[in-house]
Each structure stands twice: as structure tokens, then as C-alpha cells.
Amino acid sequence: MYSSYPDEVWTVSTGIYLARDVPLAMFSFPVTPERAVSLPLFIGIMYRLLGFPWFLYFLCSWNALTMAILLLSAYFIGEFFFDKKTGILAALLIGSNWFIGWYGNRLLEDVGMVAFEFLSIAFYCKYLRQHNWKYLFVSGFAAALAILTKESALYLLLPLMTVFMLRKENRKLRDVSMFIVSFIIGLSPFMYVSYIRYGNPLYPIFLRLTQFKGTSPGILFNSSYIDMIPFALGLIVFLILIWSLVLLIKKKLFLFPMWAVYCLAVYVFLIPYGPFDKYMTHYIPIFLLMSAFGLKNVTEACLKKYGWIGIIPVPLALLFTNLYGPPLFYSFSQGAFVMPMFLYQRLRWDKYGAISQLIQQVESKQSDWWFAQLFYNSLGPDFMLIIFTATVILILVIVYLVFTKTESSQKLLVSSKKVQRIKV
């Protein structure tokens, strides 16, 4: 278990440490304080709510939540900058990409960070369109979640948000202040957890920056991050991406190409760790967003020329979206079938069969005994905490429904008044 998925084991151990009243010096399991707080804290909360072993059955809810956020946000971003068709294709390309699906279904921070990045951008786009402060507030909050999920968001998200902030229509101190305030509010509970468990509210971030300084040899050239792009996208989507770049440059739409090239350059020239293919999930969704724009244009041209048969580029792009690792065709050669969709749970150790094995390890303390001891005499379900959590969620849902209903009623009232004026 540990040798197959060390990152997941470290993350679970860190989450249990955050949830248990045990000093760090006495915690004999592989706690990694330099890991961002949000995913370990999510695991710790699930552990406190459900206890062992029940919380293990629900760890995949992190994957379902972050992948759903990523797909919906990709749609809204594509729809805002291009059109609805591009938004739908962007969500489909990202959702069916086996490379993203593989890491999206592992208990890792990388896809979650990108999901919260896209969520922040999506809500900022909603704010630019409607100028409603609640969208700006959620955008800042989501940006904080992105950084707290993985510190890479510090250098991946900051340039794009800076470009948004410098737009002429957004140079209002009130708007910038709202974003900063919501960002700080998003940081606050995680800073509090870091303070009471590590003694420093920003300890994981500072520790990661110190680690980066100690391992960085200066300017690098990790060409593998470039070489792997065709395999991560699939050859058909890669060709569509090239066509998308030509179209975007031709139309003078430089935002996404510049953002994608900037993110790629960071890993090619600056990141000393690796090459780790999971880091590619940080920028592959951006390339898929651009590919969706080209795929829409190719499909529309084919539809005009060949009729309904012209829709073929879409299923071809989705089917051949990835040549990396053991996806569809590799699985055939192994006498198996692997559906290249994000809902496929490739990670085995947090599913039912492996959970029963882990329970046996706790009882016998045999293989990976030190990890099994993490849960020995562990907590059972905290029913009062479950009731409290359910009550808070119910209150938030009611407040949202009331707010939405009130806002919809006001819009309907304004529309009806306009109709009456026209009739008069």
C-alpha cells in the first residue's frame, strides 16, 4: 500500500494528525507539514465525522467534488471567453481526458488545485458580466482554496488574476478590496488550523518555499514537460490544439496562449522537482480549453461541408483524447478494458476490497503495521458532529435558496414593469 501510493499515505497521515490531539514530535507516522492544508483537513474532518473505517469509503467524495467543480468551471470559462459550444466541448475534453482522470481519481492535491483555480476564474468572469459583488467574493474565496490546496497556485493563478484586476472597468478600490477581503476570509480557517497544529498560521507555505529554495539549482530545461504534451492530450487533440493556437493568434486573442505558455515555462525552466507527470495536470486543462475552441471551429466547418457527418471530429477527439499511460488501447493489449472517463476509479487501496484488508491490518498489525497503527483504537462516528454539520449545510442551502428566490423575484418584478411601460 505505502510503496504503491506514498503520496496518498502521507496525505492521509497528515489529515489524521490534524484531526487528533497528538503532538507532532510524538506522531510516529509520515506527517508532511509542507503539504497544503485543504486536502489533509478534508480527510481529517471526514475522519472526525465518520471514524475508522467508514471515512475511507467516502474519501472518493474529494475526487467527485473537485472533478465536478473543474468541469463546470471549464464550461463557464469557455462560454464567457468564447461561446456555449466551446464551453461544452471544453468540459467534455477535460472530463474524458484519461490523463486528468487518472490523477483526478487519486487522493492528490493537483487536480483539486486546478479545479479551485478554474472556479475562481469562472466566478470572476460572472462578476465581469453581472457586476454582482457575491461573485467577486466567491472568486476571492476560491483563489484562497486553490493556494491552500497546493502552493503552485501562487505562481499559476496570480498572473491571470492580475490581468483581470488591471482591466479598466475593474480599477475600483472597492472591487479590489472585496476580492482581497474574501481571499483573507478563505485563508483564515486554514491559517487557524495551521497555527494550533504547527504553531505558525502559514507554516506549510513557508516550509514549501524554504524547500524550494534549498533544492532549486537555478534555471533548468526540463524538456519532458513539452515532450509529454502530445501524449497527455492525444494526437488528434494535439493537432487541434495547434490549429486553435493559429486561430487565437489570428483573432488577436492572446490571453489563453500567453497563460498556457507561461505555466509551461515555469515547469520547463524553474521547477527542480521531477519531471513529475502529475505536474502536467496543472496546465493541461488550459491547453484543453484552447483545443475546445479549435474543435468547435473544425466541427462547424465540417458540418457546413459534409452535413451531419461533419460531427465526427467531436467523438474522435473524445475517444482518442489520451495516449499516456495505460488508457483505452493499452488496456486492450493487456486483455482488459479501461474506460477513459474521470468517473473510473483507478485507485484501488481506498475502495472496498483494500479497505477490508486495511481493517485486517489494524487487527493483526502485520504488513504496513506502522500505517495500520495510525487507526488502532481510533475514533468511531461522532454523531453530534454529524448532526451539527448537517444543520450548518441545511442552513446554508436555505439561505442560498431564499437569496436566489428574492433576486429572481426582483428581476421578474423589474421585467413586468418594463412590459407594462411598453404597453402604455
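Bear in mind these aren't lab numbers, they're just calculated from the coordinates by the rules spelled out. Because the structure is a prediction, the values reported are computed rather than measured. Backbone-built Cβ (ideal geometry, glycine too); neighbour counts: all protein chains shown.
Could you sort 200-206, 290-296 so that the peptide with the highest average Cβ count within 10 Å comes first and the rest follow in order?
Ranking, from highest mean packing down: 290-296, 200-206.
If I model a spin label as a point 7 Å beyond the Cα along the Cα-Cβ vector, how far apart are those points for Ile311 and Met258 in nm?
Label at Ile311, label at Met258, 3.8 nm between them.
How large is ³J(HN,Hα), in whole Hz, for each residue of the stretch 112-122 in order, when computed from phi with the Karplus curve 6.51 cos²θ - 1.76 cosθ + 1.60 and θ = phi - 60°, using x for Gly and Pro?
My calculation for the stretch 112-122 gives x, 4, 5, 4, 6, 4, 5, 5, 4, 5, 4 Hz in order.
Go through Lys251/Lys296; Lys126/Lys278; Lys126/Lys251; Lys250/Lys296; Lys84/Lys126; Lys150/Lys213 and tell me which ones have a Cα-Cα distance over 19 Å in this structure.
Beyond 19 Å between Cα atoms: Lys126/Lys278; Lys126/Lys251.
Which listed residue (Leu158, Ala265, Phe206) has the Cα farthest towards the positive end of the charge dipole for the stretch 151-268, taking +1 on Lys and Arg C-beta and -1 on Asp and Glu C-beta about the Cα centre?
The residue sitting most towards the positive pole is Leu158.
For Met165, Met228, Met191, what's the fewest-to-most ordering of other Cβ within 10 Å of each Cβ?
In increasing order of surrounding Cβ atoms, one gets Met165, Met228, Met191.
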